[in-house]
Amino acid sequence: MPAWVIDSYGGNDVLRYTTNASFPIIHYPNEVIVRVHAAGLNPLDVSMRGGYGAASLSMKRDPMNLQQKGSEFPLILGRDVSGVIMECGLDVKYFKEGDEVWAAIPPWKRGSLAEFVVLSANEISHKPKTLSHSDAASLPYVGATAWSALVHTGGLTKENCAKKRILILGGSGGVGTFSIQMLKAWGGHVTVTCSQSAEPLVRGLGADHVVDYTAGPVEVALSTLEKFDMILDNIGGDTESWALGLLKPWSGAKYVTLVTPFLQNTDLLGVADGMMQTSITVVSKVLKHLWKGVHYRWGFFIPNGLALEDISEMIRAVVEAEFPFSQVPQAFQKMQEGHARGKTVVHVA
Ligand code: NDP
């Protein structure tokens, strides 16, 4: 089948178009084969193209370590999909052939930059009829990540979010534009950091207060504001050194960062030592902040077909760039240049 694959890790030049990729096979009775109409890209695709996470993702694909190094190649990237079910496994009850579905594809599975992809039924949802395939392919991965970070890790819900003060560091990209809408739909008060050129976008999505991080030290501007109940950090780096001081102490307030060294540690140190290092790092940070009365957490993408159904009612897609299937390298180039204002999508069929 037609697909974009990589045969080694590297820059954009490792992306190779083929009409000869192996057709996906249903291995378990709860799986479906989806004909891809549109594929969404995420920063993770650019990182994975360069080898990020290779050690732990290989372990997830081959837990017994039976296969040779490099057995993941040819690797198909692309974490978001919107398409139509072509075939269902014997145990699949909730979906049938011809259903339009959308999904976020876990990073250890073959991705959506291909004509077909195989997924388990619990990873997919019926695509809302109101969304085009292109819009639908822009939402699942950032949606599942935002849901996991804000709801599972941050403890926010439809019922308890009203009037809470939430700070989103990095509001103009994929996760940020999604999170603003979700929190506003739940009645939260949302402050966002972004560059000045992104202010109209984030205000249009409902942000109550916007701080331009390019206008001077952002932590100084933020420290003049009333303290927050929750911070979602999409930026990382040195933000940890000042952001937790912006939380209301001794009130259950949480800082959740999506930028963690988890996969980097296993890439550098191997799976066992990397996981040990990760545990030491996270436990020491949690304890360091706990005695100051605030909670420090790491957030991760978790596939969640059911959350997609809830999400679809409250969110509009923010698609910044669309590319034909022949221009996947150009789509990666766009992602790599940064300064996202929403999502990048590839039309596959
Ligand atoms: P995007 O690339 O879509 O967006 C990043 C945005 O941040 C851009 O709009 C950029 O615009 C803006 N930005 C850059 N620097 C700053 C800054 N200092 N302050 C405020 N805004 C800034 O990324 P995503 O939203 O998809 O993902 C966000 C982060 O979360 C990424 O690092 C990603 O790898 C991570 N992530 C982690 C997951 C996990 O499982 N842990 C899952 C999903 C994402 P501009 O440069 O023009 O300001």
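Things to note:
- Selection from the range 224-244 of residues that are more than 26 Å from the chain's Cα centre (by Cα) and farther than 12 Å from THR191 by Cβ: none
- Answer residue from the range 159-171, given it is assigned to a loop (DSSP other than H, G, I, E, B) and touching a His at 6+ places or on another chain (Cβ under 8 Å) and is surrounded by the fewest Cβ atoms within 10 Å (Cβ to Cβ) among those: LYS163
- Counting only residues that are closer than 12 Å to ASP80 by Cα and either polar (S, T, N, Q) or part of a loop (DSSP other than H, G, I, E, B) (or both), the range 111-129 holds 3 of them.
- Which listed residue, of ALA55, ALA104, ALA121, is touching a residue at least 24 places away in the same chain (Cβ under 8 Å), among the small types (Gly, Ala, Ser) and surrounded by 23 or more Cβ atoms within 10 Å (Cβ to Cβ): ALA104
- Scanning the range 326-341 for residues that are hydrophobic (A, V, I, L, M, F, W, C), at pLDDT below 95 and either assigned to a helix (DSSP H, G or I) or surrounded by 15 or more Cβ atoms within 10 Å (Cβ to Cβ) (or both) turns up nothing.
- When GLY10 is tested against (1) in a strand (DSSP E or B); (2) surrounded by fewer than 17 Cβ atoms within 10 Å (Cβ to Cβ), exactly one condition is not met: (1).
- Scanning the range 181-195 for residues that are surrounded by fewer than 24 Cβ atoms within 10 Å (Cβ to Cβ) and within 9 Å of the ligand (Cβ to nearest atom) yields a single hit, SER195.
- Summed over the range 133-147, residues that are in a helix (DSSP H, G or I) and either within 29 Å of HIS27 (Cβ to Cβ) or modelled with pLDDT under 95 (or both) total 9.
- Checking each residue in the range 314-325 for being open to solvent by 30 Å² or more (accessible area, probe 1.4 Å) and either within 14 Å of the ligand (Cβ to nearest atom) or touching a Cys at 6+ places or on another chain (Cβ under 6 Å) (or both) picks out VAL319, GLU320.
- The set of residues in the range 306-342 that are over 17 Å from the mean Cα position of the chain (by Cα) and among the polar types (S, T, N, Q) comprises SER326, GLN327, GLN330, GLN333.
One line per residue, one yes/no per condition, for (1) within 14 Å of the ligand (Cβ to nearest atom); (2) at pLDDT below 95:
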| site | (1), (2) |
| --- | --- |
| VAL218 | yes, no |
| THR224 | no, no |
| ILE235 | yes, no |
| ALA243 | yes, no |
| TRP250 | no, no |
| VAL259 | yes, no |
| VAL271 | no, yes |
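To keep it simple, each residue is scored yes or no on (1) assigned to a helix (DSSP H, G or I); (2) open to solvent by 20 Å² or more (accessible area, probe 1.4 Å); (3) farther than 18 Å from LEU205 by Cβ.
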position	(1), (2), (3)
LYS109	no, yes, yes
LEU131	no, yes, no
ALA149	yes, no, no
THR157	no, yes, yes
SER179	yes, no, no
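- ALA144 open to solvent by 10 Å² or more (accessible area, probe 1.4 Å) and either touching a strand residue (DSSP E or B) at 6+ places or on another chain (Cβ under 9 Å) or of a type in the set (A, V, I, L, M) (or both): no
- Scan of the range 155-201 for residues that are closer than 19 Å to LYS227 by Cβ and without any contact (Cβ under 8 Å) to a residue 12 or more places away in the chain, ordered by number: ASN160
- Scan of the range 13-51 for residues that are closer than 21 Å to GLY173 by Cα and open to solvent by 70 Å² or more (accessible area, probe 1.4 Å), ordered by number: PRO43
- Meets criteria (away from the ligand (no atom under 16 Å from the Cβ), more than 30 Å from MET275 (Cβ to Cβ) and either part of a helix (DSSP H, G or I) or of a type in the set (Ser, Thr, Tyr) (or both)) for SER71: no
- Only one of VAL101, VAL151, VAL190, VAL117 that is over 27 Å from SER326 (Cα atoms) and either at pLDDT below 95 or touching a Lys or Arg at 6+ places or on another chain (Cβ under 7 Å) (or both): VAL190
The values are calculated or read from the model by the stated rules, or taken from the named source; none is laboratory data. If you're wondering where the values come from, they're calculated on a predicted model, not measured in any experiment. Every residue, glycine among them, receives a Cβ derived from its backbone with ideal geometry; neighbour counts consider all protein chains shown. The area values use the complete protein model at the heavy-atom level, side chains included, leaving out ligands, DNA and RNA. Shrake-Rupley method; radii C 1.70, N 1.55, O 1.52, S 1.80 Å.
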